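Worksheet for the structure shown next.
None of the figures in this text is laboratory data; all of them are computed from the coordinates on show. If you're wondering where the values come from, they're calculated on a predicted model, not measured in any experiment. Methodologically, a virtual Cβ is constructed for each residue, glycine included, from the backbone with ideal geometry; neighbour enumeration extends over all protein chains shown.
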Amino acid sequence: MTDPTKCSGCLICEYACSEIKEKSYNPKKSRIRLVRLGLTSQMAVACQLCEDAPCIIACPRDALKKSEATSVIMVDERKCNGCGWCVLACNFGSITIHDKKKTAVICDLCQGDPECIKACPEGALELTTEEGVAQRARTGSVKKILTDRVGGN
């Protein structure tokens with residue numbers, strides 16, 4: 001998850017990912033992507049570990065599987081032919097096709113210790129759960145209501 005109020009758009013998360021995964025400082029080879037939200041806001045997006053992952057459903061070669069232990073979507077490179085159906089099916093734009101291997105590239109959370117999170121100088125990235133996101137939204141809503149009431153009196 002990205003806190004867009006903290007994200008400076010520096011791309012360090014992309015560089016860290018590409019270095020760890022591809023041994024190359026090349027954001028195009030990253031498994032996390034910076035998305036610009038207008039002129040002044042941005043956030044990084046990676047695999048959202050969808051419960052009923054459209055990418056898995058779309059794969060005609062059965063090359064994508066979800067880990068039962070971690071929920072990470074894994075690519076079987078022996079089965080994947082780079083057709084791109086998973087790329088089209090992903091609602092978050094989190095999947096790319098490797099330029100040389102011609103197989104799907106998806107964030108694997110660095111085995112539970114994401115390098116992008118450690119590298120982010122602004123602390124804008126966080127590994128969380130659906131419940132964590134929901135709790136943050138509830139807390140934010142309550143704070144806004146209380147602020148509006150106090151400010152309006």
Most fluctuating residue given options 101, 143, 118, as computed from a GNM of the chain linking Cα atoms under 10 Å: 143
Charge dipole (the chain, unit charges on Cβ, about Cα centre) - positive-most of 110, 8, 67: 8
Alpha-carbon centroid distance for the pair the range 26-58 / the range 66-119, whole angstrom: 11 Å
Unsatisfied cross-links (Cα-Cα over 24 Å) in the set 118/143; 21/100; 21/102; 6/144; 21/101: 118/143
Residue exposure sequence - 100, 65 - by fewest surrounding Cβ within 10 Å: 100, 65
Those Cys residues of the chain for which no other cysteine Cβ falls under 4.7 Å: 7, 10, 17, 50, 59, 80, 83, 90, 110, 120
Additional length obtainable on full extension of the chain from residue 126 to residue 24, 0.36 nm per residue less Cα span: 34.4 nm
Options (1) 15.0, 49; (2) 17.4, 65; (3) 15.9, 48 - which one matches Rg and Dmax of the Cα atoms in Å as calculated here: (2)
